[in-house]
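The structure appears below as structure tokens.
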Amino acid sequence: MAEHSSQSEERLRLFVAIAVPESVKAEITNAQKCLSQALPRISARWTRPDQFHLTLRFLGNVQAALAEQLIDSLRTTCESISPLELRASGLGFFPSAKAPRVVWVGVQDNRNQLQELHSAVEQVTARFTKEKTEERFNGHITLGRLKDLRRLEADILTKAGERFSATSFGQWTAREIHLMCSRLSSQGAEHMLLAAIPLAGC
């Protein structure tokens, strides 16, 4: 009974994402290196290139016993969503360039399918998570998270980022979405693929 109870209470830290091809990762990495050279190491935690992705929905801790139901729900939703033609371009800061806490590269599409996919994923995953929904979805790839920046450091960083404000980092066709599991450790987060869920016709 105790073993069954522990299994039913096990939780996985999950998120739904779109993978980024290696060619695009390589271009983004070049920009990341330029920015990292503008700041002392202690001021930023830079995302490893192998963890570059476009998050559609962060689910947080989900009961492991519900993982298969979640995957099935996502599969059903994705059966009616066509592949997306995406491009990574531009570089920006959350919440603002004057007070940067997150550095990101934008991801866009020309037919507003990304917004539609995000809305569909958000709707179908609602019953599996207690995490708040985003007020406004902004497709992006996180390059790094910043802390305790002084005004001068913020100015240096945003100045370094200006050269990439209109840069195109590449295009690709997204034919599937990924359900990912994130495990936290002293070395940072490790991401594991739980399921690759194809979009319509793939």
Tally, over the range 102-121, of residues that are more than 14 Å from the chain's Cα centre (by Cα) and assigned to a strand (DSSP E or B): 1
Residue match in the range 123-138 (condition: over 22 Å from Arg57 (Cβ atoms), in contact with a helix residue (DSSP H, G or I) (Cβ under 7 Å, 6 or more places away or on another chain) and surrounded by fewer than 17 Cβ atoms within 10 Å (Cβ to Cβ)): no
Options Lys132, Lys98; residue that is more than 20 Å from Gly161 (Cα to Cα) and out of contact with any Leu (no Cβ under 8 Å at 6 or more places or on another chain): Lys132
Residues of the range 47-64 classified as within 18 Å of Glu131 (Cα to Cα) and either hydroxyl-bearing (Ser, Thr, Tyr) or more than 14 Å from the chain's Cα centre (by Cα) (or both), total: 5
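Residues checked against (1) modelled with pLDDT under 95; (2) over 24 Å from Leu35 (Cα atoms); (3) buried (at least 17 other Cβ atoms within 10 Å of the Cβ); (4) of a type in the set (Asp, Glu):
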| residue | (1), (2), (3), (4) |
| --- | --- |
| Leu74 | no, yes, yes, no |
| Pro83 | no, yes, no, no |
| Ala88 | no, no, yes, no |
| Lys98 | yes, no, no, no |
| Trp104 | no, no, yes, no |
Count of residues meeting criterion [in contact (Cβ under 8 Å) with a residue 60 or more places away in the chain and exposed (fewer than 13 other Cβ atoms within 10 Å of the Cβ)] in the range 142-158: 2
Every pair of residues 6+ apart whose Cβ atoms lie under 9 Å, when the first sits in the range 11-40 and is under 15 Å from Gly144 (Cα atoms) and buried (at least 17 other Cβ atoms within 10 Å of the Cβ) while the second is among the aromatic types (Phe, Trp, Tyr) and at pLDDT below 95: Gln32/Trp46; Leu35/Trp46; Ser36/Trp46
Every residue from the range 152-179 that is among the charged types (D, E, K, R) and over 30 Å from Leu66 (Cβ atoms): Glu153, Asp155, Lys159, Glu162, Arg163
Any chance Glu68 is among the acidic types (Asp, Glu) and either over 18 Å from Met180 (Cβ atoms) or modelled with pLDDT under 95 (or both): no
Sole residue being under 16 Å from the mean Cα position of the chain (by Cα) and either more than 21 Å from Ile18 (Cβ to Cβ) or of a type in the set (A, V, I, L, M) (or both), chosen from Ala160, Ala154, Ala166, Ala189: Ala189
Subset of the range 98-139 (residues that are of a type in the set (Val, Ile, Thr) and closer than 22 Å to Val20 by Cβ): Val102, Val103, Val105, Val107, Val121, Thr125
Strands (runs of 3 or more DSSP E) lying entirely in the range 1-101 (those with 1 or more residues that are more than 19 Å from Leu157 (Cβ to Cβ) and touching a helix residue (DSSP H, G or I) at 6+ places or on another chain (Cβ under 6 Å)): 11-19, 53-63, 84-94
Verdict on Ser165 being in contact with a strand residue (DSSP E or B) (Cβ under 9 Å, 6 or more places away or on another chain), modelled with pLDDT of 95 or more and more than 22 Å from Phe15 (Cα to Cα): no
Filter pass, Lys130 being modelled with pLDDT under 90, outside any helix (DSSP H, G or I) and over 14 Å from the mean Cα position of the chain (by Cα): no
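The values are calculated or read from the model by the stated rules, or taken from the named source; none is laboratory data. Small disclaimer: the values here were computed from a predicted structure and weren't measured. Neighbour counts run over all protein chains shown; Cβ positions are idealised from the backbone, glycine included.
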